[in-house]
Amino acid sequence: MRHGDLDFMAELLGDPRSMAYYPRPYRRDEAEAWIDGNQRLYRDRGFGLWLVCLRGTGEPVGDCGITPQVVDDEEELEVGYHVHPAHQRQGYATEAAAAVRDFARSSLGLRRLVAIIHPGNVASRHVAETIGLAAERDVDRSGLSRRLFSMSL
């Protein structure tokens, strides 16, 4: 993900359908901060969220990767994914999340991976379960109830 991807990321993160389970869609400056934050993660941790692009055309369809999250005062590493509504229900999130899971295991040597999912987000839950994560417990995220899915790697 680079600053040249800002138009796409602003569209993705600004779309109410993409962000239905967030408090609100992101503004363009927040999408730029999203890119900055991921570039910092690349430098500092060797991972972050990466742009997901179609193989044949290079067209961006979403993002997917690993981000550190604090859950109950402990750092967890989360597999996260967003797919533009025009490209949803085509398996891109599942394919990308499975590749991230494998990268986390083989390249990073991680022992655990989580996903923090809004209870109503059935599609995200399906992706998490398909790649091997299972519901572990409910957690509080800034006063909002979320379900923590996890797996041992």
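Read-outs: derived from the displayed coordinates by stated rules, not from any lab. Quantities reported herein were computed from a predicted structural model and do not represent experimental measurements. We place every Cβ from the backbone using ideal geometry, glycine too, and count neighbours over all the protein chains shown.
Among residues of segment 1-20 that are of a type in the set (Lys, Arg), those with a beta-carbon under 6 Å from a residue that is surrounded by 11 or more Cβ atoms within 10 Å (Cβ to Cβ) at least six positions away or on a different chain give the pairs Arg17/Pro85. Contact map, segment 25-36: residues that are closer than 10 Å to Met9 by Cα paired with residues that are outside any helix (DSSP H, G or I) and not aromatic (Phe, Trp, Tyr), Cβ distance under 6 Å, separation 6+ or inter-chain. Pairs shown: Ile35/Met1.
Would you confirm whether any residue within segment 32-49 is basic (Lys, Arg), touching a Pro at 6+ places or on another chain (Cβ under 9 Å) and either more than 23 Å from Asp140 (Cβ to Cβ) or buried (at least 19 other Cβ atoms within 10 Å of the Cβ) (or both)?
Scanning segment 32-49 turns up at least one residue that is basic (Lys, Arg), touching a Pro at 6+ places or on another chain (Cβ under 9 Å) and either more than 23 Å from Asp140 (Cβ to Cβ) or buried (at least 19 other Cβ atoms within 10 Å of the Cβ) (or both).
Tell me, which strands (runs of 3 or more DSSP E) lie completely within segment 57-153 with 1 or more residues that are touching a residue at least 40 places away in the same chain (Cβ under 8 Å) and among the small types (Gly, Ala, Ser)?
It comes to 60-71, 144-152.
Rundown of residues vs (1) more than 25 Å from Asp44 (Cβ to Cβ); (2) out of contact with any Asp or Glu (no Cβ under 9 Å at 6 or more places or on another chain), yes/no style:
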site: Gly80; (1), (2): no, no
site: Ala135; (1), (2): yes, no
site: Ser142; (1), (2): no, yes
site: Arg147; (1), (2): yes, no
